[in-house]
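Some notes on the structure that comes next.
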């Protein structure tokens, strides 16, 4: 029998400090990751930061949502690639904020084989940018 | 000479579909990660999801901010551990939303050696929960 999931869905994380500006990031049943402050906040080079994870979550949510919609639309995906850059800035009276998520038509692309048999005009672009 | 960073700070990510409901997650200079839709959205068990990365970013930002404040306050940290759970629910007329980030006094703790020489009443709790 298939597992039945019921709302709300819960996503657990545990962050434990391991020295300097670094931490271990865990979630039940998942491989451990590490996280650190970025160099511009007295942190470390070459490590995923809270800022990166935030932008990655938005960018990858875009992909998983796209995959779900493509499947519902019976579009057979050939490729999908999306670049997103988060812009962190100081906002007057509000401190640091992720003010923009830059993701334009230049940096997301997909390619599909048309498999849908609905009206052709609905799927004019088999290959395109979003 | 120390590197000088200037605002805004940019955080780049690239997500590329690798089949099923999975993607590779990259950022210049960082080790690759993977991401997948969670099982409750026709995804995969045992993989970090956009939902997990979102909660992880908030939780680890809490840690890195705490570390920065502790350092500015000359508090010598002994340990820091924070659990945070994101609650995803359906919101009438708005679809799925991360409606709550559950992180209470029961699941975040820190322990410090007092090293600050300022007024004692400001740092009554050497060891505590937030």
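Every read-out reported here was derived from the displayed coordinates using simple, explicitly stated rules and does not represent laboratory data. Being a predicted model, the structure only gives us computed values, none of them experimental. Cβ sites come from the backbone with ideal geometry, for glycine too, and all protein chains shown count toward neighbours.
Other chains near A:37-46: what is the mean number of their Cβ atoms within 10 Å of each residue's Cβ? Could the numbers behind the result be given before it?
Details: counts 7, 4, 3, 6, 6, 4, 3, 0, 3, 3.
Other-chain Cβ atoms within 10 Å of each residue's Cβ, averaged: 4.
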In nm to one decimal, list the spacings between the residue A:7 label point and its equivalents in the other copies, with label points set 7 Å along Cα to Cβ, shortest first. 3.8
Once every Cα of region B:1-103 carries one equal point scatterer and solvent is ignored, give the base-10 log of I(q)/I(0) from the Debye formula at q = 0.10, 0.17, 0.20, 0.24 Å⁻¹, two decimals. -0.44, -1.06, -1.21, -1.30
Suppose we consider the axis relating copy B to copy A; can you name the residue of B with the nearest Cβ and state that distance in angstrom as an integer? B:53, 2
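Fewest Cβ neighbours within 10 Å first, please rank A:17, A:48 accordingly. Please list the in-between numbers first.
Working: A:17 21, A:48 25.
Ascending number of Cβ neighbours within 10 Å: A:17, A:48.
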From other protein chains only, count the Cβ atoms within 10 Å of every residue's Cβ in A:87-99, then give the mean. 2
at residue B:87 the sorted inter-copy label distances (label 7 Å from Cα on Cβ side), in nanometres, are 3.5
Residue A:39 label points, 7 Å along Cα→Cβ, one per copy: pairwise distances from this copy to the rest in nm, shortest first? 4.1
